[in-house]
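First comes the structure, then the notes that go with it.
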């Protein structure tokens, strides 16, 4: 049953509850990304082949893409608080299994459970919207910013923790924080009935639709992860694309006839939703290109290639971290800007800033500060602001009962775009390999950054369909976020 609504004068989310969500976003963001820098260590300790090691990260992403729409829908039905607490304990269980795993199958089980944490942002948005309306964009930024910062923290801290302690503590340290926050959340997040459960016929999950969407998304995600090894036109890739198309077509047919669809197709037709989803997909591709190229550029052996900085893995992480840290502050700031100017203008400005940062590094990349500055501008400010504004645009365009699913669609579109962007960037580098050194040429990096800049500004033609400036909100009560959604 959904969370009951206690009789109290508590009409908004306490700031302590918002603080718990922000810190939880940092912890989960870090935990979801710590396997990436320690993959070589996991490969040695578990005696894995390179393909098996790559399967670990694929499993986490695959699990998130399959379970994301389901957990978001359950949050819309039963309330964000209940679903958030369930997800945190599942994440804790998965991370503990990963920490103590001594074989690949056990590790895959842990990563599968951990992957559920990928969908924690839409669930958090559902929880926040149960209490907040006028300052929803600011609240979204208070969650997305820390999550991005946690992503960078996990990448930076994993290596030193593994070296100083063990790979076990790489998982356990953020897990202990997640577990502590799950306990605190029981008291900091007040119980409240979700608006979704007041819709007749919306209290059940569309299992046929969920299964078909999971098949389509799972096949697509798995295929995109394997294309670097199999190729776009291989038999395996074409077969998986066929499964994706067939699963997607069947899902649409089922959803059109379902009384309580997993994702209402009419929802996707709303101007603020489809425009945000398309922009999110293109931004996902555009941001994945520099995310792939920057570490490659930093690690290039300058004595052989004639450019680059011969940076170690730890040094690369340190170069990347300022951009992620900047995004932590840009998230709430861009949420406030959305309140003042609307998501349309904020997204447009963020796209231009992203392109400017990429153009800068395409021309100037002879000193480390060139790369760090470009990262801060393009990723920390541009992509960070655009992500918050896009979530805010999507949420503002739907009813409170559809918050989780709508924001999850945005997240999935960005993830698919990112997977495609990685393949684009890899192709850009491989097409410009030096014959003597067998390394990517400097011109191939320039081309990749210029391509990413073009991808960043492409969505400007679609931004016009996004919501403009929201109505001016009323002042919130001291010490609390503003009034809840009417009728919640």
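Taken over segment 376-402, the criterion of being more than 16 Å from residue 332 (Cβ to Cβ) and modelled with pLDDT under 85 is satisfied by 393, 394, 396, 397, 398, 399, 400, 401, 402.
For segment 341-362, give me the residue count where each residue is within 17 Å of residue 138 (Cα to Cα), buried (at least 24 other Cβ atoms within 10 Å of the Cβ) and touching a residue at least 60 places away in the same chain (Cβ under 8 Å).
2
Of the residues 87, 83, only one is free of Cβ contacts under 8 Å to residues at least 40 places away in the same chain, assigned to a helix (DSSP H, G or I) and at negative phi; which?
Exactly one residue qualifies, and that residue is 87.
From the list 262, 267, 245, 297, the one residue that fits, being closer than 30 Å to residue 372 by Cβ and either at pLDDT below 85 or outside the structural domain of residue 73 (by TED's automatic domain parsing) (or both), is 297. Filtering segment 302-336 to residues that are over 21 Å from residue 445 (Cα atoms) and without any contact (Cβ under 8 Å) to a residue 60 or more places away in the chain leaves 322, 326.
Matching residues to (1) without any contact (Cβ under 8 Å) to a residue 60 or more places away in the chain; (2) surrounded by fewer than 23 Cβ atoms within 10 Å (Cβ to Cβ); (3) in a helix (DSSP H, G or I):
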site	(1), (2), (3)
93	yes, yes, yes
96	no, yes, yes
102	yes, yes, no
107	no, no, yes
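Of the residues making up segment 433-484, those that are at pLDDT below 50 and under 19 Å from residue 342 (Cα atoms) are 471, 472, 473, 474, 475, 482. Would you check if residue 141 is outside any loop (DSSP other than H, G, I, E, B) and modelled with pLDDT of 85 or more? Spelling it out, residue 141 is indeed outside any loop (DSSP other than H, G, I, E, B) and modelled with pLDDT of 85 or more. Do we find a residue being assigned to a loop (DSSP other than H, G, I, E, B), modelled with pLDDT of 85 or more and surrounded by fewer than 21 Cβ atoms within 10 Å (Cβ to Cβ) anywhere in segment 207-215? Among the residues of segment 207-215, not one is assigned to a loop (DSSP other than H, G, I, E, B), modelled with pLDDT of 85 or more and surrounded by fewer than 21 Cβ atoms within 10 Å (Cβ to Cβ), which makes the answer no. Answer with yes or no whether residue 437 is in contact with a helix residue (DSSP H, G or I) (Cβ under 8 Å, 6 or more places away or on another chain) and without any contact (Cβ under 8 Å) to a residue 24 or more places away in the chain. For residue 437, the condition - in contact with a helix residue (DSSP H, G or I) (Cβ under 8 Å, 6 or more places away or on another chain) and without any contact (Cβ under 8 Å) to a residue 24 or more places away in the chain - is not met. If you go through segment 159-168 and keep only what is in contact (Cβ under 8 Å) with a residue 24 or more places away in the chain and under 17 Å from residue 101 (Cα atoms), you end up with 162, 167, 168. Here 85, 121, 108 are screened, and the one residue that is over 18 Å from the mean Cα position of the chain (by Cα) and within 18 Å of residue 177 (Cα to Cα) is 85.
Of all residues in segment 22-58, those being closer than 29 Å to residue 185 by Cα and either modelled with pLDDT under 85 or surrounded by fewer than 19 Cβ atoms within 10 Å (Cβ to Cβ) (or both) number 7.
I'd like to know if segment 264-271 contains one or more residues that are free of Cβ contacts under 8 Å to residues at least 60 places away in the same chain and either crowded, with 23+ Cβ neighbours inside 10 Å or assigned to a loop (DSSP other than H, G, I, E, B) (or both). Scanning segment 264-271, I find at least one residue that is free of Cβ contacts under 8 Å to residues at least 60 places away in the same chain and either crowded, with 23+ Cβ neighbours inside 10 Å or assigned to a loop (DSSP other than H, G, I, E, B) (or both), so the answer is yes.
The values are calculated or read from the model by the stated rules, or taken from the named source; none is laboratory data. Remember, predicted model here, so these are calculated numbers, not experimental data. Ideal geometry is used to build each Cβ from the backbone, glycine not excepted, and the neighbour counts take in all protein chains shown.
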